[in-house]
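Undergrad: Got a structure for you, written out below as structure tokens; questions coming shortly.
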Amino acid sequence: MTKSKADEEDYWNSSKFKAFTFDDEDDELIRLKESRQAVNSIQRLVEEDDDEDDVEKVSWSGEPVGSISWSVKETAASNQRTDREPAFPKIPTDTPSLSKSQSGYSLSSLFKGETALSDSSIRLYAPELRKPKSEYKDYVSDWSPEETIQRLQQGKTAPLEKFRSLQDKLLLLDFAVSAHDGNVITAVLIYLKRTLSKEVLFRELESRQTALRHFIHYLTETKDQRLLLELLRALGRTEDVALLQYKEHLSIADENKRRDFLKSCLSLPFSAEDSAHVQDHYTLLERQIIIERGGKVEIFQKFPRRASILNMPLITTLYYCCFYHYSEPEGTYSSPLNIRQAFKISEKQYFVTALAARAKLKAWLDVDALFTSRNWLGFTRKKSPLSFQRVVDVLQKNSAPTQVLQDYVGLVEDPDMRISLAQKHKCHDIVINTYRDMKDRQQLLGYRGKVGRGSAEERKIDELLNNQQIRWKN
Amino acid sequence: MANSARRDSPELPDFSLLKRLARDQLIYLLEQLPGKKDLFIEADLMSPLDRIANVSTLKQHEVDKLYKVEYKPVVSTSDQLCFLIRPRIQTFYACEAVLEEQGMFGDVTTDEWAFYLLPLDDDIISLELPEFFRDNFLAGDQRWMRTAGSALHLLHSLYGPFSKVYGIGRYSKMAYESWREQVEQGEQRARQAEIGNVFLIDRDVDFVTPLCSQVVYEGLVDDIFRIKCGCVEFSPDVTASDKSVKVMLNSQDKVFNEIRNEHFSNVFGFLSQKARNLQTAYDKRRGMDIKQMKTFVSEELKGLKQEHRLLSLHIGASESIMKKKTKQDFQELLKTEHSLLEGFEIRECISYIEEHISRQVSMIESLRLLCLLSITENGELSFVTSNYGVDHLLTFSNLRQLGLLVEQQPGETLTVMESRVGKLVNDKTAGKLTDAFSSLAKKSNFRALSRKLNLVPKSDEEYDLRVPRDMAYIFSGAYVPLSCKLIEQVLERDGWTGLEEVTRLLNGNEFAVTGQITSMSDRIILVMFLGGCTFSEISALRFLGREKGKHGPNGCSVSH
């Protein structure tokens, strides 16, 4: 007891925490105590007091445990939460009424406050608090590493500072890991981080994967980037180091600085695949900065853009350029073809994007040109890496006129699909021609009822139906 | 719900007790700060808090003004500021270390409001820890294990004692251990058990199910509008007015309760039938005399109006779902998913996914499909990342870490991969090696599991979705969710016997423990998903409960 008392003094002298000052706050604290009592059931409170009387205890300040002033200070302590590990080794913090002097209530101590509830099931739950007698015996905190971990798990205080040898520290860590309690693992790690040199800590963590992951997560959450990088380097996890450094670009707002930062990332040891992505990322941003400055004024006036192109994804950039810079010569950075080349965008991807952009602008001639290719004889024909059904879909969503739509509906290969699309978009000619090609008289007859009376379509159907040359299949 | 199917279904325990506990704990904490105080609440906590307390409760305990926590300077005239925040750095130890480093220690007091479990419905309890999944499965941080154990302990104390605990997964084991220790440290009292059996399952045992598009009503509502803490916000296009409406979705909503577990294809029919009935009920007014009218107004009108409101809401939601889904070629998406589950026409699936990506339909959906492809095919793709790579390098890195995305060189099979591990030992460092091993360990053996457990019913048979014959109905009859199938099998066999091959494919970590107390009430089963579960799975378990006359309340930490 004496020893631990001396330790206390040491602690307070060396600690940067100031000792408690209660004087000005006494009133407040008494009220606090009262409110606590209010939620405790009177009956149980009496029982607890009895317990405390049985065991004569003295707190570190010399006041008998259980006295009013002691209790008030204890409450203050719990309120101030300064009672870190070695603060109150002598206080039997497990006495029910004292149990909140730890960092973090144990579940049971919280339920202590619930006794105002009359429900019996809660009562059943609370008695857990009543067993700490066994723990009264050691006011001096001579808990073993294992006991220490158990206490921490239960949300009680336990001083870690007394574990000074590496062996003890590692025992603590290993017990924490085998208890599967992430909170406790982290608590021990914080202590080890403070008291072990990096080299030793890293070395020991290498063979303790669970603890290592907790440490990495802790460093990530506390944004201790520097130490985290050191750790990963020490572990030889170079790709993680690279990714972590790369991740920092997210916090750089200025585009020029960000670009320069990305450039500096290029030399980091990424995996081959990631490396290519980072290179692309840099090239893209560099290009976006240039694109952002250029462009003809008229189109921006006519279709004001919703956002800057900076930091947008590649496909969005391509779309943007297809929208605002479509006809620029291939040599310029903002030309869609140039982008397609530079980033090796697949033909399909390029088509989908260009189509969407030009259709949005209702530039039907551009759409037409997109699909038109010339063979060596000079004939034009329409080709698409995308199914024409999908093309129709895109055009129709951009409310393309029927004349435009029918060109593409007619190109849909599957006749059934073609008919259903043609019917949907009222491309009568295509429906009629397809039924003719299928020699399906019945269907054609049926369709006659769907076109306008006396319309050109109706006349066409009649002509076909009267045509003796066609060998109808039905 | 389940009660209507089988008269002898057991009564569910009264979980509202959990709410009372949480509220009283909050009050207790507020009383620790006597005097007037301003309360700052984190946005994420608003909904859970609403379920537990209301403003007048807070006012009674001297809370003056309520604010939302934001990243900006606090303006308040109060002497005491109380912040109710989600534990970003959950550990009190870590939290205190940060406060100490920032020189704030002593100025700030911290306390824990351990509400553990929030009952979201008669049969759903949630830890409301969206970060659980990420912390555990991505960062490998076990900080929530004690919380999970304590939650279990709370249920055990209030509704137990449990007689049997089954489980599968590393974290399930840990949660079980943590719970067991807490039980040992506490006292046991004999009482009438309300929950007999418990099933614990790690989310990573079954990643396939949450990757599938949901098609039961509640699942669809979640996919499209996001159900948070049992609440959903319907946008103006649903409410057919100019503002959106926040609605609680639970069994109290009579209309919702009847359609929540239904396959979407049945919902329209049901709703229109309901609408017709409602019309008839209203029409009764015609020809009534004054007295009859008076009775009608006092007795029926309120109920009818209420039903009318609910009905129009859910009809609006269904319409909105239909509109969104048809715009996206939902049918094709489903077809692709089903093919992937069946392992059929993989080429077509890949080209569909490729097109899906290039059309930039939906980033999340593309990723979902990619992961599904990767898991069901044991990872055989390397072509796609280039399209999203630049923007989502870090996303992909995370997905790989989770084992949701496994990239391999084309043609490289699992066995080749395994034989290469030997080579890795020589030229890669220790950390890299464990990564390689853990990613191997995470290899999903979905195809083999699917065969063993019969997860994909034969497709040539007609499946009547109106009369579901098994849990596959939640995925249009195409797939029985792996997680639920495991639960069914283990409960049926009362353990893992006969499932040795299955557990081997799932990387083990299964357990089945019998307690000393044999409970009479083994018909109420608590299923706890560590890392969250989908509404489809809940529907499937409700179906299972109806079939077997058991109840499966799902204590799940929701994280989507």
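Undergrad: Out of (1) within 25 Å of B:Met528 (Cβ to Cβ); (2) out of contact with any Gly (no Cβ under 7 Å at 6 or more places or on another chain), the odd one out for B:His263 is which?
TA: Of the numbered conditions (1) within 25 Å of B:Met528 (Cβ to Cβ); (2) out of contact with any Gly (no Cβ under 7 Å at 6 or more places or on another chain), the odd one out for B:His263 is (1).
Undergrad: Okay, next question. Can you name the condition, by its number, that B:Ser265 falls short on among (1) touching a residue at least 40 places away in the same chain (Cβ under 8 Å); (2) surrounded by 13 or more Cβ atoms within 10 Å (Cβ to Cβ)?
TA: For B:Ser265, the exception is condition (2).
Undergrad: Taking the condition within 8 Å of another protein chain (Cβ to nearest Cβ) and within 18 Å of A:Thr157 (Cα to Cα), does A:Ile216 pass?
TA: Details: within 8 Å of another protein chain (Cβ to nearest Cβ): yes; within 18 Å of A:Thr157 (Cα to Cα): no.
Judged against the criteria, A:Ile216 is not a match.
Undergrad: Any residue at all in the range A:290-309 that is free of Cβ contacts under 8 Å to residues at least 12 places away in the same chain, part of a helix (DSSP H, G or I) and of a type in the set (Gly, Ala, Ser)?
TA: No: zero hits.
Undergrad: Since A:Pro329 meets every condition but one in (1) farther than 17 Å from A:Asp366 by Cα; (2) outside any helix (DSSP H, G or I), which condition does it not meet?
TA: With (1) farther than 17 Å from A:Asp366 by Cα; (2) outside any helix (DSSP H, G or I) applied to A:Pro329, the lone miss is (1).
Undergrad: Which one is nearest to the other protein chains (Cβ to nearest Cβ) among residues in the range B:148-203 that are under 20 Å from B:Val502 (Cβ atoms) and of a type in the set (S, T, N, Q)?
TA: Taking the candidates together, the pick is B:Ser172.
Undergrad: What pairs can you find where one residue is in the range A:402-427 and over 10 Å from A:Phe388 (Cα atoms), the other is among the hydroxyl-bearing types (Ser, Thr, Tyr) and surrounded by fewer than 19 Cβ atoms within 10 Å (Cβ to Cβ), and their Cβ atoms are less than 8 Å apart, with a gap of 6+ or different chains?
TA: Filtered contacts from the range A:402-427: A:His425/A:Thr402; A:Lys426/A:Thr402; A:Cys427/A:Thr402.
Undergrad: Need the failing condition index for A:Leu171 against (1) within 20 Å of B:Glu96 (Cβ to Cβ); (2) more than 9 Å from chain B (Cβ to nearest Cβ); (3) touching a helix residue (DSSP H, G or I) at 6+ places or on another chain (Cβ under 6 Å), just the number.
TA: All conditions pass for A:Leu171, except number (1).
Undergrad: Among the residues of the range A:261-278, is there at least one that is within 14 Å of another protein chain (Cβ to nearest Cβ), in a helix (DSSP H, G or I) and basic (Lys, Arg)? Walk me through how you get there before you give the answer.
TA: Here is the first cut: in the range A:261-278, the ones within 14 Å of another protein chain (Cβ to nearest Cβ) are A:262, A:265-266, A:268-278.
Remaining after also requiring in a helix (DSSP H, G or I): A:262, A:265, A:272-278.
Restricting the remaining residues to those that are basic (Lys, Arg) gives none.
No, the range A:261-278 has no match at all.
Undergrad: List pairs: first residue in the range B:323-344 and more than 25 Å from B:Leu453 (Cα to Cα), second residue at pLDDT below 90 and not polar (S, T, N, Q) anywhere in the structure, Cβ distance under 7 angstrom, at least six positions apart or on different chains.
TA: B:Lys324/B:Ile224; B:Gln328/B:Val361; B:Glu332/B:Tyr352
Undergrad: Considering each residue of the range B:296-335, count those that are within 24 Å of the chain's Cα centre (by Cα) and of a type in the set (Val, Ile, Thr), and give that number.
TA: 1
Undergrad: In addition: Scan B:Phe133, B:Phe115 and give me the residue that is more than 9 Å from chain A (Cβ to nearest Cβ), touching a Gly at 6+ places or on another chain (Cβ under 7 Å), in contact (Cβ under 8 Å) with a residue 60 or more places away in the chain and surrounded by fewer than 24 Cβ atoms within 10 Å (Cβ to Cβ). Break it down stepwise before answering.
TA: Values: B:Phe115 fails: touching a Gly at 6+ places or on another chain (Cβ under 7 Å).
After applying the criteria, what remains is B:Phe133.
Undergrad: So A:Ser373 ticks every box in (1) modelled with pLDDT under 80; (2) at positive phi but one. Which box is left unticked?
TA: Status for A:Ser373: all satisfied but (2).
Undergrad: Test A:Arg203 against the stated conditions and say whether it is among the charged types (D, E, K, R), closer than 24 Å to A:Gly182 by Cβ, within 13 Å of chain B (Cβ to nearest Cβ) and assigned to a helix (DSSP H, G or I).
TA: Details: among the charged types (D, E, K, R): yes; closer than 24 Å to A:Gly182 by Cβ: yes; within 13 Å of chain B (Cβ to nearest Cβ): yes; assigned to a helix (DSSP H, G or I): yes.
Judged against the criteria, A:Arg203 is a match.
Undergrad: So, one more: Is there any pair with a first residue in the range A:214-236 that is free of Cβ contacts under 8 Å to residues at least 24 places away in the same chain and a second that is assigned to a loop (DSSP other than H, G, I, E, B) and loosely packed, with under 15 Cβ neighbours inside 10 Å whose Cβ atoms are under 6 Å apart and which are 6 or more apart or on different chains, and what are they?
TA: Hits for this filter: A:Gly236/B:Thr429.
Undergrad: A further question on this structure: Looking at the structure I just gave you, is A:Ala211 surrounded by 21 or more Cβ atoms within 10 Å (Cβ to Cβ) and more than 8 Å from chain B (Cβ to nearest Cβ)? Step through it out loud before you land on a result.
TA: Numbers: surrounded by 21 or more Cβ atoms within 10 Å (Cβ to Cβ): yes; more than 8 Å from chain B (Cβ to nearest Cβ): yes.
Answer is yes for this residue.
Undergrad: Based on this model, can you work out whether B:Met145 counts as closer than 11 Å to B:Leu200 by Cβ and within 8 Å of chain A (Cβ to nearest Cβ)? Don't jump to the end; show me each part of the working.
TA: On the way: closer than 11 Å to B:Leu200 by Cβ: no; within 8 Å of chain A (Cβ to nearest Cβ): yes.
No: the conditions fail for B:Met145.
Undergrad: Go through (1) surrounded by 18 or more Cβ atoms within 10 Å (Cβ to Cβ); (2) within 26 Å of A:Thr283 (Cα to Cα); (3) touching a residue at least 24 places away in the same chain (Cβ under 8 Å) for A:Asn256 and report which single condition fails.
TA: Looking at each condition in turn, A:Asn256 falls short on (1).
Undergrad: Taking the condition of being hydroxyl-bearing (Ser, Thr, Tyr), within 18 Å of B:Lys335 (Cα to Cα) and not in a loop (DSSP other than H, G, I, E, B), how many residues in the range B:349-365 meet it?
TA: First pass over the range B:349-365, keeping only residues hydroxyl-bearing (Ser, Thr, Tyr): B:351-352, B:358, B:362.
Then drop every residue that is not within 18 Å of B:Lys335 (Cα to Cα), which leaves B:351-352, B:362.
Now narrow it down to the ones that are not in a loop (DSSP other than H, G, I, E, B): B:351-352.
The qualifying residues number 2.
Undergrad: Which residue, of B:Pro34, B:Pro48, is at pLDDT 75 or above and within 10 Å of chain A (Cβ to nearest Cβ)?
TA: Answer to the selection: B:Pro34.
Undergrad: Looking at the range A:364-380, can you tell me whether even one residue there is in a loop (DSSP other than H, G, I, E, B) and within 25 Å of A:Asp414 (Cα to Cα)?
TA: Keep residues of the range A:364-380 that are in a loop (DSSP other than H, G, I, E, B), which gives A:375-379.
Next cut, within 25 Å of A:Asp414 (Cα to Cα) only: A:375, A:379.
Yes, because at least one residue in the range A:364-380 is in a loop (DSSP other than H, G, I, E, B) and within 25 Å of A:Asp414 (Cα to Cα).
The values are calculated or read from the model by the stated rules, or taken from the named source; none is laboratory data. Bear in mind that the values here come from a model prediction, so they are computed numbers and not experimental data. Note: ideal-geometry Cβ built from the backbone for every residue, glycine included; neighbour counts use all protein chains shown.
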